[in-house]
Amino acid sequence: MFKALLFPGIILLLAAFAAVFLSSYDLNLLARFLSFGLLAMGVVVIWGHCGILSLGQGVFFGLGGYVMAMHMKLASLPDGQIPDFMMWSGRETLPWWWAPFESGAVAILALVALPAIVAALFAFAVFYRRVGGVYFALITQALALAFATLLISRQDSTGGFNGLTNFSTLLGLNLNGPGMAEGLYWVTLVVVALAWLGLGALLKSRFGILLRATRDGENRVRFLGYNPVPLKVAAYAIAAALAGLSGALFTIHAGNISPAMVGVVPSIEMVIWVAVGGRFSLSGALAGALIINFARDRISSAVPELWLYLVGALFILVVTLLPRGLAGLVPQQKASS
């Protein structure tokens with residue numbers, strides 16, 4: 001038990017001390033990458049423990065991010081006004097589907113519930129027809145492409161290619177106020193820690209056992225009297241909810257959300273984080289998200305054209321030599337920890 005908690009404990013302890021030792025810039029980066037860790041842990045649930053490779057998690061990340069962005073955009077406007085990019089595009093009224101997100105409570109609920117509901121409906125339609133494997137991965141990749149294209153094409157409603165930016169308040173609080181950045185960092189760290197604990201308990205439960213049984217032998221699960229479709233739908237919805245929460249937190253820390261963050265390439269990179277960290281390990285996926293994104297920030301800043309080659313080579317190396325990722329190098333590291 002102690003060894004199982006050691007690896008994630010070290011990660012969270014270092015993250016806690018980071019608030020004291022890191023500069024404001026690096027602390028903001030760490031907060032963004034910790035939010036990515038939520039999405040990565042969701043991928044562990046569906047890919048590592050359920051055997052479903054999704055290449056479209058950027059869709060649910062984007063749904064959460066845009067919901068939070070719409071709320072922050074509306075919260076900073078005087079009554080009766082619409083966002084500036086809408087006026088530039090010739091709109092005179094706010095789209096009807098923007099209005100509910102003016103409420104902070106509705107936005108917080110929607111950034112988790114909306115991705116989960118969309119994912120559940122999509123997953124049920126696909127899994128009910130027993131679509132899986134590479135076909136499911138391709139369908140989710142097409143979904144990510146379609147979602148990014150839709151966002152770009154609706155310039156008057158979504159901000160188009162530029163997305164949504166220029167936020168000043170969050171739930172009535174000034175985002176630029178003293179201590180706000182540190183406070184939001186601690187909120188993100190606590191949310192990540194709670195998600196790690198909750199998912200760890202879930203994967204050790206009967207639900208987690210059935211997920212792994214479905215991954216290893218779906219037909220045997222059917223013969224034993226269990227319907228694997230609701231199990232896979234629930235796992236996919238949980239991963240989507242975590243992706244939505246990840247997107248919302250990222251949007252708060254980064255100050256913007258755009259189609260460039262939700263399309264095919266970002267969705268593939270999300271899978272690479274988990275492959276490098278370890279697709280069977282929650283703490284490995286969290287570490288992978290942190291390591292890959294900090295490396296990207298440093299390397300792409302110095303040598304932009306080299307980064308894609310390096311990440312591709314790293315993915316090939318991990319798949320061929322470290323199928324369990326970095327978490328596989330930790331002695332007696334449990335798959336669900």
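Each value in this text was obtained by applying a stated rule to the coordinates, not by laboratory testing. Note that this is a predicted model, so its numbers are computed, not measured. FYI the Cβ positions are ideal-geometry reconstructions off the backbone, even for glycines, and counts take in every protein chain you see.
Quick check on region 268-337: take the gyration tensor over C-alpha atoms, sort the square-rooted eigenvalues as a ≥ b ≥ c, and tell me if it's rounded (a/c under 1.5), prolate or oblate.
On the way: a/c = 2.62, a/b = 1.89, b/c = 1.39.
Prolate.
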- Query: Just 110, 302, 75 to compare: in a GNM of the chain, with alpha carbon springs under 10 Å, which one fluctuates most?
  - Reply: 302
- Query: Fewest to most neighbouring Cβ within 10 Å: what's the order for 108, 299?
  - Reply: 299, 108
- Message: Please rank 236, 226, 128, fewest neighbouring Cβ atoms within 10 Å first, as an exposure proxy.
- Response: 128, 226, 236
- Item | Residue of 283, 54, 23 that the Gaussian network model of the chain assigns the largest fluctuation, springs spanning Cα pairs under 10 Å | 23
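Could you tell me the calculated FRET efficiency between residue 166 and residue 308, based on Cβ-Cβ distance and R0 = 22 angstrom, to the nearest 0.05?
0.15
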- Task: Please report the orientation-averaged projected area of region 2-329, defined via the convex hull of its C-alpha atoms, in nm².
- Result: 17.7 nm²
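State the percent of C-alpha pairs, over all pairs in region 79-139, separated by a distance greater than 17 angstrom. Before the final figure, lay out each step's value.
On the way: 1121 of 1830 pairs.
That tail contains 61 percent of the Cα-Cα pairs.
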- Query: What nm distance separates the two modelled labels at residue 260 and residue 79, each placed 7 Å from Cα along Cα→Cβ?
  - Reply: 3.8 nm
- Query: Roughly speaking, what is the centre-to-centre gap between region 213-266 and region 68-108 when only Cα atoms are used, to the nearest Å?
  - Reply: 28 Å
- Message: Could you compute how fast region 13-63 diffuses translationally, taking Rh as the Kirkwood radius over C-alpha pairs and applying Stokes-Einstein at 10 °C with viscosity 1.306 mPa s? Give it in µm² per second.
- Response: 126 µm²/s
- the chain: most fluctuating residue of 31, 105, 15 per GNM, C-alpha cutoff 10 Å: 105
- Item | Cβ-based net charge around residue 159, under 15 Å, with every Lys or Arg adding one and every Asp or Glu removing one | +1
- Message: Starting from the 7 Å offset along Cα-to-Cβ, what nm value, one decimal, do you get for the label separation of residue 22 and residue 299?
- Response: 2.0 nm
- Query: Whose amide H sits under 5 Å from the amide H of residue 173, counting only residues 5 or more places off or on another chain, with H placed in the peptide plane?
  - Reply: none
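Assign unit charges at the C-beta atoms only (+1 for Lys and Arg, -1 for Asp and Glu), then state the dipole size of the chain relative to its Cα centre in Debye, rounded to the nearest 20.
Details: 19 positive and 12 negative charges, 295 e Å.
It works out to roughly 1420 debye.
What does the charge count around residue 232 come to, taking other residues whose C-beta lies under 14 Å from its C-beta (Lys +1, Arg +1, Asp -1, Glu -1)? Intermediate values should be presented prior to the final figure.
Values: positive: 129, 130, 212, 215, 222; negative: 216, 218.
That works out to +3.
Roughly speaking, what % of Cα-Cα pairs in region 1-156 are separated by over 22 Å, rounded to a whole number? Present the calculation step by step, with values, prior to reporting the outcome.
Values: 7043 of 12090 pairs.
For region 1-156, the fraction of Cα-Cα distances above 22 Å is 58 percent.
Check each of the chymotrypsin sites (Phe, Trp or Tyr not before Pro) in region 82-120 and keep only those in coil by DSSP with at most 15 other C-beta atoms within 10 angstrom; list them in order. Mind showing how you got there, number by number?
Numbers: sites: 85, 88, 96, 97, 98, 101; in loops: 96, 97, 98.
Those satisfying the criteria are 96, 97.
Run lengths n ≥ 4 of DSSP H only: what is the helix-derived mean residue ellipticity at 222 nm for the chain, with -39500 (n - 2.57) per run over all residues, to the nearest 500? Please report the intermediate quantities before stating the final value.
On the way: 14 runs with 232 residues, N = 337.
The per-residue figure over the chain is -23000 deg cm²/dmol.
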